[in-house]
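The values are calculated or read from the model by the stated rules, or taken from the named source; none is laboratory data. No experiment lies behind these values; they were computed from the predicted model shown. Virtual Cβ from ideal backbone geometry, glycine too; neighbours counted across all protein chains shown.
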Amino acid sequence: MMTTITKKLLATILMLTATLTMALAQNGDNKNQAGTYDQCKQQFKSEKVAYITSGMGLTVEEAQQFWPLYNKYDAIFDSIGEARRVNYSRKECMKNYDKMTDAKAGDIISKSFEYDDLELATRRRYHEELSKVFSQKKILLYYHLEHEFRRQKISDNKPAGNSFGKSFKDK
């Protein structure tokens, strides 16, 4: 069983890893945009792992079962997200909005739904695998932590002004 000291030590190590990742990311800020994206993504992941680790209070045995599943599905979700970004750029769509045909808009929407369906099917498979190892209560805590972390990161990155009243063409 994992003691409180061990949990705190593990959380501290993960936070230090996240801090180190952030420092390394800041050193290479001016290299290139792809590098910056990858660095931000890695920093985000490091912070999320630390947040989940701290919040879930996993025993050593639970951690040994959870993290391989988490990493497996995180990689799958990454590949789905990357495919979505490659095949559908909202920024590009909106830049070409005035020239876009209704048929092209329909194709984009359909493709977006396909990615949504793929993500949902993957979430269901992930939940099935988690259910073989953890109680529904523990899984619910994990889902809550995932949601709260994302909500917190979105809140941290909001611009000062409210842009809801602006048209997407004005941005």
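Here's the yes/no breakdown for (1) closer than 30 Å to residue 140 by Cα; (2) not in a helix (DSSP H, G or I):
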site	(1), (2)
58	yes, yes
63	yes, no
66	yes, no
69	yes, no
76	yes, no
85	yes, no
94	no, no
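For the range 26-40, the candidate set comprises residues that are closer than 28 Å to residue 143 by Cβ and modelled with pLDDT under 85; within that set, the residue that is surrounded by the most Cβ atoms within 10 Å (Cβ to Cβ) is 38. For the range 96-117, the set of residues classified as part of a loop (DSSP other than H, G, I, E, B) and polar (S, T, N, Q) consists of 96, 101, listed by residue number. If you filter the range 124-160 down to residues that are of a type in the set (Val, Ile, Thr) and without any contact (Cβ under 8 Å) to a residue 24 or more places away in the chain, you find that the one that is surrounded by the fewest Cβ atoms within 10 Å (Cβ to Cβ) is 154.
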